[in-house]
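Working notes, beginning with the structure itself.
The values are calculated or read from the model by the stated rules, or taken from the named source; none is laboratory data. A quick note: this is a predicted structure, and the numbers were derived from the prediction, not measured. For neighbour counting, all protein chains shown are included, and Cβ atoms are generated from backbone atoms with ideal geometry for every residue, glycine included. What goes into the accessible areas is simple: the full protein's heavy atoms, side chains included, and nothing from ligands, DNA or RNA. Shrake-Rupley method; radii C 1.70, N 1.55, O 1.52, S 1.80 Å.
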Amino acid sequence: EPHSTKAKEDAAHWATGAGPELLAADAMRPRLDQKGEALLAGVQCPVLVVHGTDDRIHPHQVGVEAARIIGGTLVSFAGSGHVPVLRDPVRINLLLRDFVERVGR
């Protein structure tokens with residue numbers, strides 16, 4: 001289904017059904033705590049981290065730190081907000097294709 005809007009529809013459905021309490025709790029939770037850092041440090045495969053520079057849910061620095069801890073490749077989408085895969089699916093698909101081709105050799 002080329003250029004499907006299903007992911008956007010699913011995200012909108014979740015957000016409208018989540019309610020203000022859940023959205024507020026999610027916004028207030030720690031972004032990268034010691035447990036998360038330990039999990040990331042244990043990853044031993046190639047990783048591609050894609051993060052929007054204008055993400056107001058998880059600040060861009062979280063993606064920067066995740067890539068650093070994992071030793072992964074960081075691709076920042078300038079001007080993009082949260083969930084770049086919904087905002088720019090073609091670019092994401094091309095990045096994934098190139099990444100898999102590069103690490104799959």
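Of all residues in segment 12-35, none satisfies being closer than 30 Å to residue 105 by Cβ and either loosely packed, with under 12 Cβ neighbours inside 10 Å or among the hydrophobic types (A, V, I, L, M, F, W, C) (or both).
In segment 8-47, how many are in a helix (DSSP H, G or I), closer than 25 Å to residue 61 by Cβ and modelled with pLDDT under 80?
The total comes to 11.
Take segment 86-102 and flag every residue that is out of contact with any Pro (no Cβ under 9 Å at 6 or more places or on another chain) and surrounded by 17 or more Cβ atoms within 10 Å (Cβ to Cβ). If the condition is that a residue be out of contact with any Pro (no Cβ under 9 Å at 6 or more places or on another chain) and surrounded by 17 or more Cβ atoms within 10 Å (Cβ to Cβ), then 86, 95 are the ones that fit. If you filter segment 61-70 down to residues that are within 11 Å of residue 31 (Cβ to Cβ) and either without any contact (Cβ under 8 Å) to a residue 24 or more places away in the chain or not aliphatic (A, V, I, L, M) (or both), you find that the one that is most open to solvent (accessible area, probe 1.4 Å) is 61.
Out of all the residues in segment 80-105, which are within 26 Å of residue 24 (Cβ to Cβ) and not in a helix (DSSP H, G or I)?
Scanning segment 80-105 gives 80, 81, 82, 83.
Against the list (1) out of contact with any Leu (no Cβ under 6 Å at 6 or more places or on another chain); (2) open to solvent by 40 Å² or more (accessible area, probe 1.4 Å); (3) among the polar types (S, T, N, Q), the condition residue 73 fails is (1). Tally up the residues in segment 45-57 that are surrounded by 18 or more Cβ atoms within 10 Å (Cβ to Cβ) and within 18 Å of residue 23 (Cβ to Cβ), please. Total satisfying the criteria: 1.
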